[in-house]
Amino acid sequence: MATVQNISHDGVVVAREENRVRIVMQRSTLCSHCAARGACTLGDSQEQELLVTTEEPVEPGERVRLVIEERLGWKAILLGLALPAFLLLGGIFASLALGAAEVVSAIVGLGTVALYYGILALFRKSLERSFSVRVERHSHTTR
């Protein structure tokens with residue numbers, strides 16, 4: 001049986017809102033071990049803030065670890081980067097093959113990507129459930 005590989009990152013809870021926590025992580029911590037760091041578009045910001053649903057009783061100021069299965073990271077890259085790029089190029093080349101002008105082809109390609117992201121937005125709740133991020137408290141071993 002294959003073992004499930006996880007990606008984990010440390011962060012600090014900055015706010016708690018019912019069953020959701022806002023966690024801030026340093027970008028260098030986020031990116032140093034990630035297999036997708038070359039394709040990532042997080043930007044140049046040194047801090048990243050995430051809003052995560054959890055039942056873990058964590059409080060603001062507490063250090064936590066976020067854990068996600070590695071396969072879900074690849075799924076995110078596929079849905080957020082690879083598939084839109086394929087749709088953009090597909091829309092452009094298909095419309096060029098049908099004899100459309102370059103400007104029209106570019107608009108068709110961009111429209112295809114906009115439609116795709118609109119469909120993703122419609123399924124946002126379902127996608128959020130499929131991307132489960134676990135929040136774990138840091139164990140304190142100082143005695």
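Where a number appears in this text, it was derived from the coordinates with a stated rule and is not lab data. This structure is a prediction, so every number in the text was calculated from the model and none was measured. A quick note on method: Cβ atoms are made from the backbone with ideal geometry, for glycine too, and the neighbour counts reach across all protein chains shown.
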- Note on the structure: Counting only residues 5 or more apart in sequence or on a different chain, those whose built amide H sits under 5 Å from that of residue 15 are 22
- Per-residue Cβ contact counts at 10 Å, fewest first, order 125, 75 as 125, 75
- Fully extended, how many nm does the chain gain between residue 8 and residue 22 (0.36 nm per residue separation, minus their Cα-Cα distance)? 3.4 nm
